[in-house]
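What follows is one structure encoded as structure tokens, with my remarks underneath.
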Amino acid sequence: MNVVGYIREPSNAESGDTMFAQSERVRRWIARNGYHLVAVCQDTAGTRRNLEGFRALMGIAARGQADLVVIPGLAALSPDKVVQELMLMRLRSHGLAVASTEEADHEELSEPTADPARMLIRDILHRIDDYRPLLEVDVEITPPIEFPGPIEIVMDRSDPEPAVLIEFMETPAAS
């Protein structure tokens, strides 16, 4: 099995989890499981929007050169669960399985997950993905409607469930 490692410099320098340490954990995990390491992609802590290492990883996946991504822990993707789930969804959409060297992450990476927050995030992301064609429809913006006069909102207060009726009132012509 062809494997790509992904590491990311922690934003918290006090964590003691250097990129070298992450890389070593990934390499040992791959060797212990008898897989073939294709590449180790990395990003620095300062890169939030332009993750060149992650983009390189996606390029490897798009070319079909890997089957699995190994990360040193979910925090290597991001400290934020929403961003983690976005990145995991993107990896999985390219046919990659994702594994972590941290045993505690295995439950969170599983499908379905037992973490209610991750379940909600995944559900929202899948719904966005399902409705993407609807969201990307080009909508022609029409000019605002010009009404003939002031708008009066009339409510029938005798009805237990009042409806709102909008009436357009004609204004007298200016003399």
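Just so it is clear, none of the values below were taken in a lab; they were calculated from the coordinates. Since we're looking at a predicted model, the values are computed, not measured. Neighbour counts run over all protein chains shown; Cβ positions are idealised from the backbone, glycine included.
Assorted remarks:
- Overall, region 1-98 carries a charge dipole of about 260 debye about its Cα centre when +1 sits on the Cβ of Lys and Arg and -1 on the Cβ of Asp and Glu, all other atoms neutral.
- Taking label positions 7 Å along the Cα-Cβ direction at both SER93 and THR44, the computed distance is 2.9 nm, reported to one decimal.
- Distance in nm between pseudo-label sites at LEU135 and ALA62 (7 Å out along the Cβ direction from Cα): 2.0 nm
- Model label points for ALA117 and GLU52, set 7 angstrom from Cα along the Cα-to-Cβ axis, are 3.2 nm apart.
- Spread of Cα-to-Cα distances over 5 Å intervals beginning at zero, given as percent, for region 2-135: 2, 10, 20, 23, 21, 15, 6, 2, 1, 0
- Zone of HIS126's modelled label, taken as backbone nitrogen in region 55-98 under 13 Å from a point 7 Å along Cα→Cβ: 89
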